[in-house]
1. Given Ala60, Ala17, Ala49, Ala25, which one is part of a helix (DSSP H, G or I), small (Gly, Ala, Ser) and under 21 Å from the mean Cα position of the chain (by Cα)?
2. If you go through the stretch 29-44, how many residues are hydrophobic (A, V, I, L, M, F, W, C) and more than 17 Å from Asn10 (Cα to Cα)?
3. So which residues in the stretch 1-14 are within 24 Å of the chain's Cα centre (by Cα) and either of a type in the set (D, E, K, R) or not in a loop (DSSP other than H, G, I, E, B) (or both), if there are any at all?
4. Within the stretch 48-62, track down each residue that is surrounded by 10 or more Cβ atoms within 10 Å (Cβ to Cβ) and at pLDDT 95 or above.
5. Test Ala65 against the criterion of being free of Cβ contacts under 8 Å to residues at least 40 places away in the same chain and either of a type in the set (Val, Ile, Thr) or surrounded by 10 or more Cβ atoms within 10 Å (Cβ to Cβ) (or both), and give yes or no.
6. Would you call Ala43 modelled with pLDDT of 95 or more, in a helix (DSSP H, G or I), over 24 Å from the mean Cα position of the chain (by Cα) and surrounded by 10 or more Cβ atoms within 10 Å (Cβ to Cβ)?
7. Which residue is surrounded by the most Cβ atoms within 10 Å (Cβ to Cβ), if the candidates are limited to the stretch 28-40 and must be part of a loop (DSSP other than H, G, I, E, B) and among the β-branched types (Val, Ile, Thr)?
Amino acid sequence: MPTTNPTRINLRTSPEAKAMIERAAALMGTTVSGFMLQHAYEAARRVVADNDTLLMSQQAFEAFAHTCENPPPPNAALRQLMSRR
């Protein structure tokens, strides 16, 4: 995890959730802040990676690559768009 200038994140939770998080942190030998930061950071990275990753079939990828390597000739709309400043 990147560590530069520390900033705060505040949250509210139920007493039960707080107790569970404190217990988990103790079992992991870390602080509550360290436990929460590590697990929240890992979850955030997964969410962002899932959002930023594009999955496609091999056939779709080959069609995409073929079109990139052999683009169709520009049509009137593209020529008009490219002539704009």
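The values are calculated or read from the model by the stated rules, or taken from the named source; none is laboratory data. In this text, all values refer to a predicted model and were calculated from it rather than measured experimentally. Virtual Cβ from ideal backbone geometry, glycine too; neighbours counted across all protein chains shown.
1. It is Ala49.
2. The number of residues fulfilling the criteria is 1.
3. Arg8, the sole residue that qualifies.
4. Passing the criteria: Val48, Ala60, Phe61, Glu62.
5. Against the criterion (free of Cβ contacts under 8 Å to residues at least 40 places away in the same chain and either of a type in the set (Val, Ile, Thr) or surrounded by 10 or more Cβ atoms within 10 Å (Cβ to Cβ) (or both)), Ala65 qualifies.
6. No.
7. The residue in question is Thr30.
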